[in-house]
Amino acid sequence: MLKPRTVEELAEMLARPAKHARTIALEGCASKRLMGGPTPQADEYVTTSGLNRVLQYEPHDLTISVEAGLPWRELTALLAKHRQMIPLDPPYGAVATVGGVVAASSSGPRRRLYGTARDVVIGMTFVTLEGKQVRSGGMVVKNVAGLDMGKLMIGSFGTLAAIAVVNFKVVPAPEVERSFLLPFDSLAAAIAARDSILRGVLQPSAIDLLNPAAGAALGNRAWLLAVCCGGNTAAVDRYERELALLGNGVAFDGERHDSLWHYVRELTPTFLSQHQHGAVVRVSCTLKELQSVMEFLPGVALARAGSGVCYGYFERTQDAALWLSSAARRGWKGVLEFSPEEWKQDVEMWPAPGGDIELMHRVKKLFDPENLLNRGRLYRRI
Amino acid sequence: MLPKGARDRFAALLGPGNYLDQPDDLKLYEYDGGVDKHAPDLVVFPRTALDVSHIVKLAREYRLPVVGRGAGTGLSGGAIPREGGLVVAFARMNRILEIDLEDERAVVQPGVVNLDITAAVEGNGYFYAPDPSSQRACTIGGNVSENAGGPHTLAYGVTTNHVLGLELVLPDGAIVETGGKECDLPGYDLTGLLTGSEGTMALVTRVTVRLMRKVELVKTALAIYESGEDAGRTVAEITARAITPVAVEMLDGVMLRMVEEATHAGYPMDASAVLLIELEGLREQVEEQVEQIREACLLCGAREFRVARTAAERDLLWKGRKNAFGAVGRVSPTYYVQDGVVPRTKIAPTLRFIAEVARSSGLTISNIFHAGDGNMHPIILFNPRQAGDLEKARGCGEAILGYCIEAGGSITGEHGVGMEKNELMARQFPPETLEMMSRLKLLFDPEGHLNPGKVLPTGRGCLEIRQQPLTAGTPLL
């Protein structure tokens, strides 16, 4: 395992093997090996975990620049000291690196209000197989100088280049955060409550929907809307008053708030640690379609109900793959997001890519003409 | 000049009334909102993506440069055909195709005017967030090309944060869709790559945008200062207090007087600077924040802090801000506006530097800008009939942008690079970065048909990165 300590070393460690057409597997700390396509058998293994410095942080500029191998928890802890945050809420947040979170475009509950990596990354340095250091964007929150190449790296699973440095915009942490768990007898009732929140003036940071199987661990076998709100005390009190009108809910703050969102955020890692053959599908859908997708998911299921992203949990990977192909027949856009290594070669992970897949192949070819880097990691299509 | 026969082929393809080829007409397409000028040889008006596809195929046959154009309000020459050829004007692809409030999306053609999206949905309590000052005229296609911003992008993000899907026509005529109504589609974010590519990689023929729910309460405040630097320091103080306004705009004294004379918006004539600050959200939150902002402004030396009492007062304050460039026209024959960005904490020294540049050049430079995100808009007043003034103005602009780069910022926050700042790209980015941008551009546009001479250095200066010249017959795929 090669572990560069500087961006220059990283460049050299990619360029040397690439020159001899040796395949390279790239990782941060490999927390998400179960995610995406197979972890390739490679000639060289490179980890960015040795690149773990904070390069620049001026809290009043609301920006931070860090190396890709910095543990995500260290980044969030540093920001928390200044009452700031990058609210991506990724799963595996306790072990993941910054580069891994960005390369996998991991996100979590509060994406409804704060968006995903594509909304908070303002600059990046990545290293190509030619050993070149390419900079995109910068350290200011508004910047349209040249192509936004960083966008290509977000969610690329390291198939194009190695992310070396990431610059983020940060936001002040809300004065108070409180969450609400609203139970409903039926999916339809939960969706109706979601719609009424979305149509109103309240702006929760998270609106997650848990089906009864997902809610069981919280001691509530109903359809649950988990809503997170931030603001000053008066605003959060108002959320509580108005959300109470939608259902007979419970409000959480402090430790119970933290443990609720820890459960929701870490549902995937927890499930996979308990089910050796388990798999997780992710479906991107419209807000309207969300009800049908959740209805159709047979086991534990969780949705970012204000954004249109559903996660379905399966104890057997073959069931997940079957479900995914039937979902694709309905026109839903999904991937087998997490699955055990031994299944990854045998099942269709991304059944219905869009018409732009051909362009994506061309982009891959530009960066990696010999298909050396993280081969197949992008749901085995790239 | 069009090659022989080309005009007739386009005329046959498009039919009468769908193109312009007379010099008088073409002259109307030689400029945008910036200072550069160059006329096209032909302007065409497609109505469908298929029209656009046919147009680019024919243009390719004749090796004509192809430049997309929305309303021509851009400020960096993005819609001007630097090398002649074809302007594809999207004025007739101006339909809102779908409004889907339940999914918080709208699907529009590129010629739809920015503000018309909001107009179509505000009755239902929604809006489209990016709000460039030209939003009454500028089009979504142009916004996507330039990744347009606006005052409220401080809170809501720029165009790229609100565009989820595109339909594109590639230079070989292929029609491709990227993204869609859904978020987080797997694969490379081509929508994100192409947004802000300034028409150099594809022509956008359909855009899927996010709609947002209107907030409960908006409060607009005006803080009045005797010193521009105090206003600059206030921005950092607001950040330090963890308050997040949706907009923080600064106007300096010169600008205040020009704007007030033109719009009677209620700005003070004798102040050195004002901050126009807007807060939005839940009533409880906004009311508290207004008081926190008041405290921050007064602490930093504001002589007065007032809050607009009515919607009419608020609209008037914004009218002054958004019509500022027009107001300049009453005072100066013309102006040159810059778009550099600096980290928020460097606003005060940047203002000092701009004042120094003005002093040494002898030109008047006024500032009106998005202070909240450090996006400076120095407006350099000059008289184009005065020999040497345009060059002097350009020199001032370049000096200011050089300072922005040194301060860790950028040469453009929202106006784009275009043909105005492309040589400066080499000062902001190392050669490896420019080379990668160039290779991505050529991946989409291998023969260099689309908007040639834009964004990247052309090599006319002392730069090594050269754009590929037009060559016929190279296979595209």
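Brief remarks on what is shown
- For region A:284-310, filtering for residues that are more than 9 Å from chain B (Cβ to nearest Cβ), over 14 Å from A:LEU198 (Cβ atoms) and buried (at least 22 other Cβ atoms within 10 Å of the Cβ) leaves 7.
- The condition of being more than 10 Å from chain B (Cβ to nearest Cβ) and surrounded by fewer than 23 Cβ atoms within 10 Å (Cβ to Cβ) holds for only one of A:PRO353, A:PRO340, that being A:PRO340.
- Hits in region B:171-187 (condition: more than 25 Å from the chain's Cα centre (by Cα) and either more than 7 Å from every other protein chain (Cβ to nearest Cβ) or not hydrophobic (A, V, I, L, M, F, W, C) (or both)): B:ASP172, B:GLY173, B:ALA174, B:ILE175, B:GLU182, B:ASP184, B:PRO186, B:GLY187
- Residues satisfying the stated conditions in region B:101-141, i.e. within 12 Å of chain A (Cβ to nearest Cβ), at negative phi and acidic (Asp, Glu): B:GLU102, B:ASP103
Residues are listed down the side, and each one gets a yes or a no for (1) farther than 29 Å from A:ALA216 by Cα; (2) not charged (D, E, K, R):
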{"position": "A:ARG111", "(1), (2)": "no, no"}
{"position": "A:ALA117", "(1), (2)": "yes, yes"}
{"position": "A:GLY123", "(1), (2)": "yes, yes"}
{"position": "A:VAL140", "(1), (2)": "yes, yes"}
{"position": "A:ALA188", "(1), (2)": "no, yes"}
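- Filter result for B:VAL307 (more than 19 Å from the chain's Cα centre (by Cα), surrounded by fewer than 21 Cβ atoms within 10 Å (Cβ to Cβ), farther than 18 Å from B:MET255 by Cβ and hydrophobic (A, V, I, L, M, F, W, C)): yes
- Search result, residues across region B:120-143 that are of a type in the set (D, E, K, R) and in a helix (DSSP H, G or I): B:GLU122
- Within region B:232-253, the set of residues being under 13 Å from B:LEU276 (Cβ atoms) and in a loop (DSSP other than H, G, I, E, B) comprises B:PRO245, B:VAL246.
- Note on region A:30-72: enclosed strands (runs of 3 or more DSSP E) holding 2 or more residues that are out of contact with any Pro (no Cβ under 9 Å at 6 or more places or on another chain) and surrounded by fewer than 20 Cβ atoms within 10 Å (Cβ to Cβ) are A:54-58.
- Conditions (1) over 14 Å from the mean Cα position of the chain (by Cα); (2) within 13 Å of another protein chain (Cβ to nearest Cβ); (3) closer than 19 Å to A:ARG118 by Cα; (4) not hydroxyl-bearing (Ser, Thr, Tyr): number failed by A:GLU67: (2)
- Close pairs (7 angstrom Cβ cut-off, 6 or more residues apart or separate chains): more than 7 Å from chain A (Cβ to nearest Cβ) in region B:433-445, assigned to a helix (DSSP H, G or I) and not aromatic (Phe, Trp, Tyr) anywhere: B:LEU434/B:MET425; B:LEU434/B:ALA426
- Only one entry of A:VAL95, A:VAL7 meets the criterion of being surrounded by fewer than 21 Cβ atoms within 10 Å (Cβ to Cβ) and under 22 Å from the mean Cα position of the chain (by Cα), and that entry is A:VAL95.
- Only residues that are free of Cβ contacts under 8 Å to residues at least 40 places away in the same chain and under 17 Å from the mean Cα position of the chain (by Cα) were counted across region B:391-424, and they come to 1.
- Checked against the criterion of being within 14 Å of chain A (Cβ to nearest Cβ) and buried (at least 18 other Cβ atoms within 10 Å of the Cβ), region B:54-66 contains not a single residue that satisfies it.
- Flag not set for B:MET255, criterion: modelled with pLDDT of 95 or more, within 22 Å of the chain's Cα centre (by Cα) and either more than 10 Å from every other protein chain (Cβ to nearest Cβ) or on the phi < 0 side of the Ramachandran plot (or both).
- Of all positions in region B:145-156, at least one carries a residue that is in contact with a helix residue (DSSP H, G or I) (Cβ under 6 Å, 6 or more places away or on another chain), on the phi < 0 side of the Ramachandran plot and either among the charged types (D, E, K, R) or assigned to a helix (DSSP H, G or I) (or both).
- The residues of region A:77-86 that are away from chain B (no Cβ under 14 Å) and surrounded by fewer than 21 Cβ atoms within 10 Å (Cβ to Cβ), listed by number, are A:ALA77, A:LEU78.
- Leading residue by the ranking (farthest from B:ALA155 (Cα to Cα)) among those in region A:185-196 that are crowded, with 22+ Cβ neighbours inside 10 Å and of a type in the set (A, V, I, L, M, F, W, C): A:ALA190
- Residue among B:THR200, B:THR244 that alone is out of contact with any Ser or Thr (no Cβ under 8 Å at 6 or more places or on another chain) and assigned by TED's automatic domain parsing to the domain that holds B:LYS319: B:THR244
- Residue among A:GLY249, A:GLY278 that is more than 16 Å from the chain's Cα centre (by Cα), on the phi < 0 side of the Ramachandran plot, buried (at least 22 other Cβ atoms within 10 Å of the Cβ) and away from chain B (no Cβ under 14 Å): A:GLY278
Residues are listed down the side, and each one gets a yes or a no for (1) farther than 26 Å from A:ILE122 by Cα; (2) out of contact with any His (no Cβ under 7 Å at 6 or more places or on another chain):
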{"position": "B:GLU177", "(1), (2)": "no, yes"}
{"position": "B:GLU182", "(1), (2)": "no, yes"}
{"position": "B:PRO186", "(1), (2)": "no, yes"}
{"position": "B:GLY196", "(1), (2)": "no, yes"}
{"position": "B:ARG213", "(1), (2)": "no, yes"}
{"position": "B:TYR225", "(1), (2)": "yes, yes"}
{"position": "B:ILE238", "(1), (2)": "no, yes"}
{"position": "B:ILE243", "(1), (2)": "no, yes"}
{"position": "B:ALA247", "(1), (2)": "no, no"}
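- Checked against the criterion of being in contact with a His (Cβ under 8 Å, 6 or more places away or on another chain) and not polar (S, T, N, Q), the candidates A:ARG330, A:ARG304, A:ARG316, A:ARG265 yield just one match: A:ARG316.
- Residues in region B:163-215 that are free of Cβ contacts under 8 Å to residues at least 40 places away in the same chain and part of a loop (DSSP other than H, G, I, E, B): B:GLY180, B:GLU182, B:CYS183, B:ASP184, B:LEU185, B:PRO186, B:GLY187, B:TYR188, B:ASP189.
- From the options B:VAL163, B:VAL209, B:VAL144, residue that is more than 10 Å from chain A (Cβ to nearest Cβ), touching a strand residue (DSSP E or B) at 6+ places or on another chain (Cβ under 9 Å) and closer than 30 Å to B:ILE365 by Cα: B:VAL144
- Considering A:SER325, A:SER273, the condition of being without any contact (Cβ under 8 Å) to a residue 24 or more places away in the chain, away from chain B (no Cβ under 14 Å) and surrounded by fewer than 22 Cβ atoms within 10 Å (Cβ to Cβ) is satisfied by A:SER273 alone.
The values are calculated or read from the model by the stated rules, or taken from the named source; none is laboratory data. Note that this is a predicted model, so its numbers are computed, not measured. We place every Cβ from the backbone using ideal geometry, glycine too, and count neighbours over all the protein chains shown.
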